[in-house]
1. Averaged across A:99-110, how many Cβ atoms of other chains sit within 10 Å of each residue's Cβ atom?
2. More than 46 Å apart: what percent of Cα pairs in the protein assembly as shown qualify?
3. Could you please rank B:L319, B:L242, placing first whichever residue has the fewest other Cβ atoms within 10 Å of its Cβ?
4. Calculate for chain B the 222 nm mean residue ellipticity that helices alone would give, adding -39,500 (n - 2.57) per DSSP H run of length 4 or more and normalising by residue count, nearest 500 deg cm²/dmol.
5. At 20 °C and 1.002 mPa s, grab the translational diffusion coefficient of chain A from Stokes-Einstein with a Kirkwood Rh over Cα pairs, rounded to a whole number in µm² per second.
6. Measure out, as a whole number of angstrom, how far apart the alpha-carbon centroids of the stretch B:283-310 and the stretch B:351-370 sit.
7. So which trypsin sites (Lys or Arg not before Pro) in the stretch A:1-62 end up in coil per DSSP with only 11 or fewer other C-beta atoms within 10 Å?
8. Subtracting the Cα-Cα distance from 0.36 nm times the residue separation, let me have the gained length for B:N163 to B:R209 in nm, one decimal.
Amino acid sequence: MKQYSKLITALISVVSFILIHTACKPCHGMMAMPCERSTGIAGIVLAVILLSDILSFLVKQEKFRQITSVTNVLFGVLLLLTPIFGQCQIASMACRLRTFPTLNVSGLLIAGVSLAALISVLVKRQTGRKTHAHA
Amino acid sequence: MLTPNQFAWQSILKNRFCSLMFLCLVGIASACLFGVGFFNENLSSGIGQVKGRIGADLIAVPSSYDKAAKDALFAGDACTILFAENPEAQISQLDGISQVSSQLYLKTLAFSCCSTAGLQLIAFDPKTDFTVSKWTNDSIENLAADEMVVGACCGMKQGTSMNFYGQTFKVADVLDETGMGYDQSIFISYDAANQITSSPEYAVYFGERQNLSSMLLINTNSGSDIESLSRNLASSLDGISLYATDSLVSELKSQADYFRISGLVMDGFVIVLAVIALFALITITFYQRKKRVGSLLSVGISRGKIVQIFFLEYLYLTLLGTGAGIGIVSVFVIPLHQIIKQTVNMPYRLTDFGGLALLILAVCGVNLLILLISCSLTFAKILRTEPAHLTEEMT
């Protein structure tokens, strides 16, 4: 489950990264816009998620994988909160219509999948302990 | 000693692959049922509001702007619509007409904050208006020239300021959600609109004119035949298209019915497929555990308890799968609500909490029914077969 979860979160972060720079890119004006800054931050978060997933494939330590699952949950929540770094005022603008909803969906999915992986590890550990105690 | 509850959880965790497949099947079925139901509920909720929200019997628009007016009204596509001559005075004098209110539709130009222009500004006369004022609890009769009222999905709060056509407007009120294009529109008074249209700066667009009109909302006297009145109006005035709100609503309802019937057909297929797949999975699992069931019967565990263990296992998986299916659809549909609304090009409004709760209960009910149908044959077999046959110990 945990290896699959890393694969899924890596895929979601790649797809989201591509989307927020192509079909769902934020508004663009003659001056710097607040939503562009937020999208930049979201892009960095997605890149960090991808990097941590790649590292957890390479580093075979169980503890490292669990730590990356916890950080992925936190980064997923951070993706949900990216509009607080700045967004356009009107709801029909491209950033509020496409970019932030896309980031919300990917944030929810990344946090949900990572949380499910963490829970599965905990359940497995719990059942393992019980079996050990019975033995 | 293990309780049936613990036994069921142990079976779920032990047979991980089968449990995962069961979960996926129920999850996909739930996602289809909930997704289709949620979409249809939102459409019905949007269309149900149209008649009450427009609040007029007839709508008159310039005939060359038919499509643009419909798109602005229902999908929120911003546009500028102009009558060559405002026919308000002519129409209000005709027999059978009780109220006429003019509205002016203007598409905003690029403004300083963000380069994306194209917002819908609607000018209305607070004195003659009988539609916009219905959508708010506060009185907007005295809307000042530097104030605006915004639709529910504009994302602006009371007190926010915004610049359109070189003038700054402050949000005086936010309207309730209508599910129509009005949710993305910004309403200003005719005084403010006259300042814009008569300004030499925008002479190329409006020719420095005042009291321009895009749409007339008409109420008829009670008991009048709206259809014949509409025909009379259309024949007496050139370049005008008239729509009866009732016929617009029935046109929308027939489109929504098409979506509902297609959804029901899809739901039917999903249910049949889910029943067949779950029946196959449960039967295979039962044959794999036949000996175990026989052993349990041999040591004196009642048939009822064994059926309970099986049922609890599948019940937990069904509930988990239903939750997962509904959750996944919600993760996509709720944040992307505005995009879906623009894509369907029809009044679309998120259903209220009661409607959503009923839909979730209905999906759970259908899934439980699918489970009962799929399990029934296996359970009948457990209840009927002798323990010796199950353990395959024949003499």
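1. Working: counts 0, 1, 7, 3, 1, 5, 6, 2, 2, 7, 3, 0.
If you average over the peptide's residues, the count of other-chain Cβ atoms is 3.
2. Details: 45282 of 140185 pairs.
The proportion of pairs with Cα distances above 46 Å equals 32 percent.
3. Values: B:L319 15, B:L242 20.
Taking fewest neighbouring Cβ atoms as first place, the list is B:L319, B:L242.
4. Working: 13 runs with 212 residues, N = 395.
Helices in chain B give a 222 nm mean residue ellipticity of -18000 deg cm²/dmol.
5. Working: Rh = 15.8 Å.
Stokes-Einstein gives a translational diffusion coefficient of 136 µm²/s.
6. 32 Å
7. A:K60
8. Working: separation 46, 0.36 × 46 = 16.56 nm, distance 2.14 nm.
This chain segment gains 14.4 nm when fully extended.
Bear in mind these aren't lab numbers, they're just calculated from the coordinates by the rules spelled out. Since the model is a prediction, treat every value here as computed from it, not as a measurement. Neighbour counts run over all protein chains shown; Cβ positions are idealised from the backbone, glycine included.
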